1. Within region 1-125, what percent of beta bridges assigned by DSSP are antiparallel, to the nearest 5?
2. What number in nm² do you get for region 94-242 if you take the convex hull of its Cα atoms and divide its surface by four?
3. Between region 71-97 and region 108-151, how many Å separate their Cα centres?
4. Ignoring solvent entirely, what values of log10 I(q)/I(0) come out of the Debye formula for region 61-154 at 0.14, 0.22 Å⁻¹ when each Cα is a single scatterer?
5. So, for the chain, what is the accessible surface per residue at a probe of 1.4 Å, expressed in square angstrom?
6. How long are the semi-axes of the equivalent ellipsoid of region 179-243, taking √(5λ) for every eigenvalue λ of the Cα gyration tensor, in whole Å from largest down?
7. Which of Ser196, Ser87, Ser40 moves the most in a Gaussian network model of the chain with Cα springs under 10 Å?
8. Please identify, among Phe121, Phe159, Phe51, the residue showing maximal mean-square fluctuation in a Gaussian network model of the chain using a 10 angstrom Cα cutoff.
Amino acid sequence: MSEKVNFGDELVSPEEKTRRVGQVFSSVARRYDVMNDLMSGGMHRLWKDRFVNRVKPRAGEDILDMAGGTGDVAFRMARRGAHVTVSDINADMLTVGEQRAKAKQLAGLTWKVENAEKLNFDDAIFDGYTIVFGIRNVTDIPAALREAHRVLVRGGRFFCMEFSSSDWPGFSNLYDAWASKMIPRIGKAVADDEESYRYLVESIRRFPRPDAFRKMVADAGFVRANAEPMLGGLVTIHSGWKI
Ligand code: SAM
C-alpha cells in the first residue's frame, strides 16, 4: 500500500499509521483498563460478556484473540476452557495482560506479538478467531481479514466486535457527541494523554458502517457474514464462517 491512510482525522503513510497506532497503545497500556471503564461507563464489560456468549468457546478449542491487548476477552474465553492465543502488535499491551493473567492465576493462555496483517501462524490451526475493538486500528483491514480466514480450520468461526456509527439518530449519535468532547478530556485528566484519546474517538468515527464492514468480511471468503447491532447501533458484533 502506498497511498495515504487515515490516522484519526489526519492523512499519513501506511507505515506512519502503524507506527503511530503503536505509540498510542504503548502510551495508554498502563491506564488502558481503567480508561475503558471511564470511557464506556463500565459498559465494555457487558459488551465483552455478550460477545463471548456469541463466540461460545468450548473446552479443547484453540482460539486466536487478535489485537487482544490486556486480555479482557481472552480471559473470558479461557475461563470457559478454551486455549487462547492472545496476539497483539504491541508488546506493552501484552505485558500488562500477562501480569493481569498471573494475578488472576488464569491458565490456558499463550501470548504472542503479531501484526494482524501478516501472521506467523500456519494455515488452518485455529477453531475461532476473535478481534474486539482492534480491527479499526489495523492499517490494511482486508489483509487482516484474509489472514483470519487463512489461519482458521474449515468450520472455524470469525467474530469481531467494533464500535459503529449509524444514520439512525439514536444512542450512537449521543455517544459520539459525548465521546468527542469528553474522552480526550478524561484522557488528559487520568492518563495525561489527550492526543491518544482523541485518536481513539476519531478512529471510531472513521470505521466503516456495519454493512460496509460486513461486505469486507464476506469478500475475505467468510460465509454467512452477519452484523448484529447492539445498544442502538453503538457496538456491532460481526461474524462469519470458513467452509
Ligand atoms: N481487544 C482488547 C480489548 O477489547 O480490551 C484490546 C483493544 S485495544 C482498543 C486495540 C488493540 O489493537 C491494541 O492493543 C493495539 O495494540 C492492537 N493493534 C493495533 N493494530 C494492530 C495490528 N496491526 N495487529 C495486531 N494488533 C493491533
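1. Working: 4 of 14 bridges.
If we restrict to bridges inside region 1-125, about 30 percent are antiparallel.
2. Taking a quarter of the hull surface, the average projection is 10.1 nm².
3. Between the Cα centre of region 71-97 and that of region 108-151, the gap is 13 Å.
4. Rounded to two decimals, the profile gives -0.44, -1.07.
5. Here the residues of the chain average 46 Å² of exposed surface.
6. Working: eigenvalues 201, 28, 17 Å².
Over the Cα atoms of region 179-243, the ellipsoid semi-axes are 32, 12, 9 Å.
7. Per the Cα network of the chain with a 10 Å cutoff, Ser40 tops the list.
8. Phe121
The values are calculated or read from the model by the stated rules, or taken from the named source; none is laboratory data. Quantities reported herein were computed from a predicted structural model and do not represent experimental measurements. Every residue, glycine as well, gets a Cβ built from its backbone with ideal geometry; the counts of neighbours run over all protein chains shown. All accessible areas refer to the heavy atoms of the entire protein, side chains included, with ligands and DNA or RNA removed. Shrake-Rupley method; radii C 1.70, N 1.55, O 1.52, S 1.80 Å.
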